[in-house]
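Each remark here refers to the structure printed beneath this line.
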Amino acid sequence: MSTTTKPQPGDAGTIAANLRRLMARDGLTYCDVVQATGLDERTVRGLARGTNRPHARTLHKLAQGLDVLADELFRPPVVSMQQFDRVTNPEIECILSSHADLFHRWSDADFDELYSQFGTGGPLSESGVLAAAETINSKRSLLQQVCVILESGESELLAGFVKLLYRHIAISDDMSADHSGDVLPAENMPHALRIQDFHDRCDR
(Lines give C-alpha, C1' and ligand atoms only; values in the text may rest on other atoms or scores of the structure.)
Protein backbone atom coordinates (compact mmCIF):
# COMPACT_ATOMS: atom_id res chain seq x y z
CA MET A 1 0.00 0.00 0.00
CA SER A 2 1.43 3.37 -0.96
CA THR A 3 1.78 6.31 1.41
CA THR A 4 -1.56 8.00 1.90
CA THR A 5 -1.89 11.29 0.07
CA LYS A 6 -2.44 14.19 2.44
CA PRO A 7 -5.97 15.54 1.94
CA GLN A 8 -6.29 19.11 0.74
CA PRO A 9 -9.19 21.58 0.90
CA GLY A 10 -11.67 20.70 -1.82
CA ASP A 11 -10.75 17.00 -1.83
CA ALA A 12 -13.85 15.95 0.11
CA GLY A 13 -16.06 15.92 -2.97
CA THR A 14 -13.56 13.90 -4.98
CA ILE A 15 -13.11 11.38 -2.17
CA ALA A 16 -16.89 11.10 -1.80
CA ALA A 17 -17.38 10.44 -5.52
CA ASN A 18 -14.66 7.80 -5.56
CA LEU A 19 -15.95 6.09 -2.41
CA ARG A 20 -19.44 5.82 -3.91
CA ARG A 21 -17.94 4.56 -7.17
CA LEU A 22 -15.94 1.86 -5.39
CA MET A 23 -18.90 0.85 -3.25
CA ALA A 24 -21.08 0.52 -6.33
CA ARG A 25 -18.42 -1.35 -8.27
CA ASP A 26 -17.96 -3.96 -5.53
CA GLY A 27 -21.60 -4.07 -4.41
CA LEU A 28 -20.79 -2.78 -0.91
CA THR A 29 -23.22 -1.33 1.60
CA TYR A 30 -22.29 1.15 4.34
CA CYS A 31 -22.23 -1.75 6.81
CA ASP A 32 -19.78 -3.61 4.57
CA VAL A 33 -17.45 -0.60 4.47
CA VAL A 34 -17.68 -0.16 8.24
CA GLN A 35 -16.75 -3.79 8.80
CA ALA A 36 -13.91 -3.76 6.26
CA THR A 37 -12.32 -0.49 7.37
CA GLY A 38 -13.00 -0.35 11.11
CA LEU A 39 -14.42 3.15 10.72
CA ASP A 40 -17.73 4.01 12.36
CA GLU A 41 -20.83 4.33 10.21
CA ARG A 42 -21.20 8.06 10.84
CA THR A 43 -17.69 8.65 9.46
CA VAL A 44 -18.29 6.47 6.41
CA ARG A 45 -21.58 8.19 5.59
CA GLY A 46 -19.95 11.59 6.00
CA LEU A 47 -17.17 10.59 3.61
CA ALA A 48 -19.68 9.33 1.05
CA ARG A 49 -21.63 12.60 1.23
CA GLY A 50 -18.52 14.74 1.06
CA THR A 51 -19.39 16.55 4.28
CA ASN A 52 -16.21 15.51 6.12
CA ARG A 53 -12.65 16.54 5.43
CA PRO A 54 -10.93 13.28 6.42
CA HIS A 55 -7.62 12.89 8.19
CA ALA A 56 -4.81 11.00 6.49
CA ARG A 57 -5.19 8.15 8.99
CA THR A 58 -8.89 7.82 8.11
CA LEU A 59 -8.10 7.66 4.39
CA HIS A 60 -5.42 5.05 5.01
CA LYS A 61 -7.91 2.82 6.84
CA LEU A 62 -10.51 3.43 4.14
CA ALA A 63 -8.15 2.54 1.28
CA GLN A 64 -6.80 -0.49 3.12
CA GLY A 65 -10.29 -1.77 3.90
CA LEU A 66 -11.40 -1.32 0.27
CA ASP A 67 -8.18 -2.99 -0.94
CA VAL A 68 -7.18 -0.09 -3.19
CA LEU A 69 -4.28 2.33 -3.34
CA ALA A 70 -4.92 5.59 -1.51
CA ASP A 71 -4.48 7.46 -4.79
CA GLU A 72 -7.63 5.72 -6.03
CA LEU A 73 -9.61 7.94 -3.64
CA PHE A 74 -8.20 11.07 -5.29
CA ARG A 75 -8.95 10.21 -8.90
CA PRO A 76 -10.04 13.44 -10.60
CA PRO A 77 -13.65 13.47 -11.77
CA VAL A 78 -14.28 12.78 -15.45
CA VAL A 79 -14.67 16.00 -17.38
CA SER A 80 -16.48 17.11 -20.51
CA MET A 81 -19.50 15.12 -21.65
CA GLN A 82 -19.13 12.37 -19.03
CA GLN A 83 -19.08 14.96 -16.24
CA PHE A 84 -22.10 16.68 -17.79
CA ASP A 85 -23.99 13.38 -17.81
CA ARG A 86 -23.35 12.95 -14.09
CA VAL A 87 -24.46 16.47 -13.25
CA THR A 88 -27.67 16.14 -15.23
CA ASN A 89 -28.61 12.77 -13.71
CA PRO A 90 -28.51 13.46 -9.94
CA GLU A 91 -31.02 10.69 -9.13
CA ILE A 92 -28.43 8.06 -9.98
CA GLU A 93 -26.29 9.02 -6.99
CA CYS A 94 -29.15 8.18 -4.62
CA ILE A 95 -29.84 4.86 -6.33
CA LEU A 96 -26.16 3.86 -6.08
CA SER A 97 -26.40 3.84 -2.29
CA SER A 98 -29.89 2.42 -1.87
CA HIS A 99 -29.52 -0.36 -4.51
CA ALA A 100 -25.81 -1.16 -4.31
CA ASP A 101 -26.35 -4.81 -5.22
CA LEU A 102 -27.74 -3.74 -8.60
CA PHE A 103 -24.35 -2.31 -9.58
CA HIS A 104 -22.17 -5.18 -8.37
CA ARG A 105 -18.89 -5.39 -10.35
CA TRP A 106 -19.90 -2.65 -12.78
CA SER A 107 -17.10 -1.19 -14.87
CA ASP A 108 -16.54 2.49 -15.57
CA ALA A 109 -17.98 1.90 -19.04
CA ASP A 110 -21.20 0.53 -17.50
CA PHE A 111 -21.59 3.64 -15.36
CA ASP A 112 -20.83 5.89 -18.33
CA GLU A 113 -23.61 4.16 -20.26
CA LEU A 114 -26.06 4.63 -17.41
CA TYR A 115 -25.24 8.28 -16.83
CA SER A 116 -25.38 9.06 -20.54
CA GLN A 117 -29.06 8.13 -20.71
CA PHE A 118 -30.28 11.70 -20.56
CA GLY A 119 -32.41 13.04 -23.36
CA THR A 120 -34.98 15.63 -24.24
CA GLY A 121 -37.31 14.24 -21.60
CA GLY A 122 -35.01 15.41 -18.81
CA PRO A 123 -33.04 13.56 -16.13
CA LEU A 124 -33.79 9.95 -15.34
CA SER A 125 -36.33 9.39 -12.56
CA GLU A 126 -35.83 6.74 -9.87
CA SER A 127 -37.82 4.20 -11.88
CA GLY A 128 -35.93 5.22 -15.01
CA VAL A 129 -32.56 4.67 -13.34
CA LEU A 130 -33.62 1.24 -12.06
CA ALA A 131 -35.00 0.22 -15.46
CA ALA A 132 -31.85 1.39 -17.25
CA ALA A 133 -29.62 -0.44 -14.77
CA GLU A 134 -31.64 -3.65 -15.19
CA THR A 135 -31.30 -3.34 -18.97
CA ILE A 136 -27.53 -2.91 -18.73
CA ASN A 137 -27.30 -5.90 -16.37
CA SER A 138 -29.36 -8.02 -18.77
CA LYS A 139 -27.08 -7.07 -21.64
CA ARG A 140 -23.97 -7.86 -19.58
CA SER A 141 -25.43 -11.23 -18.61
CA LEU A 142 -26.26 -12.03 -22.22
CA LEU A 143 -22.78 -11.09 -23.40
CA GLN A 144 -21.26 -13.30 -20.70
CA GLN A 145 -23.39 -16.22 -21.86
CA VAL A 146 -22.37 -15.59 -25.46
CA CYS A 147 -18.70 -15.64 -24.45
CA VAL A 148 -19.19 -18.98 -22.72
CA ILE A 149 -20.90 -20.43 -25.81
CA LEU A 150 -18.15 -19.12 -28.09
CA GLU A 151 -15.61 -21.04 -26.01
CA SER A 152 -17.67 -24.23 -26.29
CA GLY A 153 -18.37 -26.73 -29.04
CA GLU A 154 -21.54 -24.81 -29.96
CA SER A 155 -19.68 -21.74 -31.23
CA GLU A 156 -20.33 -22.56 -34.90
CA LEU A 157 -24.04 -22.98 -34.22
CA LEU A 158 -24.23 -19.64 -32.43
CA ALA A 159 -22.29 -17.91 -35.22
CA GLY A 160 -24.70 -19.26 -37.82
CA PHE A 161 -27.72 -18.22 -35.78
CA VAL A 162 -26.36 -14.69 -35.35
CA LYS A 163 -25.68 -14.42 -39.08
CA LEU A 164 -29.27 -15.37 -39.86
CA LEU A 165 -30.65 -12.82 -37.41
CA TYR A 166 -28.35 -10.10 -38.71
CA ARG A 167 -29.31 -10.87 -42.31
CA HIS A 168 -32.97 -10.71 -41.33
CA ILE A 169 -32.76 -7.19 -39.86
CA ALA A 170 -30.31 -5.88 -42.48
CA ILE A 171 -32.49 -6.56 -45.51
CA SER A 172 -34.25 -3.39 -46.60
CA ASP A 173 -37.96 -3.25 -47.37
CA ASP A 174 -37.41 -2.86 -51.10
CA MET A 175 -35.10 -5.85 -51.22
CA SER A 176 -37.66 -7.88 -49.33
CA ALA A 177 -40.29 -6.91 -51.89
CA ASP A 178 -38.04 -7.74 -54.83
CA HIS A 179 -37.11 -11.13 -53.44
CA SER A 180 -40.26 -12.09 -51.60
CA GLY A 181 -40.41 -15.42 -53.43
CA ASP A 182 -36.77 -16.32 -52.87
CA VAL A 183 -35.78 -19.20 -50.64
CA LEU A 184 -32.86 -19.28 -48.25
CA PRO A 185 -29.54 -19.80 -50.08
CA ALA A 186 -28.31 -23.37 -49.96
CA GLU A 187 -25.16 -22.45 -48.05
CA ASN A 188 -27.24 -21.07 -45.17
CA MET A 189 -29.75 -23.90 -45.06
CA PRO A 190 -27.82 -26.11 -42.62
CA HIS A 191 -27.75 -23.28 -40.07
CA ALA A 192 -31.45 -22.65 -40.54
CA LEU A 193 -32.26 -26.30 -39.99
CA ARG A 194 -30.27 -26.28 -36.78
CA ILE A 195 -32.05 -23.30 -35.18
CA GLN A 196 -34.66 -25.58 -33.60
CA ASP A 197 -31.85 -27.75 -32.30
CA PHE A 198 -30.34 -24.63 -30.70
CA HIS A 199 -33.62 -23.86 -28.93
CA ASP A 200 -34.00 -27.49 -27.84
CA ARG A 201 -30.56 -27.42 -26.22
CA CYS A 202 -31.34 -24.13 -24.43
CA ASP A 203 -34.55 -25.61 -23.01
CA ARG A 204 -32.84 -28.63 -21.47
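The values are calculated or read from the model by the stated rules, or taken from the named source; none is laboratory data. Just so it is clear, the structure is predicted and the values come from calculations on it, not from any experiment. Don't worry about glycine lacking a Cβ; one is built from the backbone with ideal geometry, like all the others, and counts go over all protein chains shown.
Condition check ((1) outside any loop (DSSP other than H, G, I, E, B); (2) at pLDDT below 90; (3) among the hydroxyl-bearing types (S, T, Y)) across all residues:
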| residue | (1), (2), (3) |
| --- | --- |
| Q64 | yes, no, no |
| S97 | yes, yes, yes |
| F111 | yes, yes, no |
| G128 | yes, yes, no |
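Quick check on the stretch 50-68: of everything there that is surrounded by fewer than 15 Cβ atoms within 10 Å (Cβ to Cβ) and not polar (S, T, N, Q), which residue is nearest to I136 (Cα to Cα)?
D67
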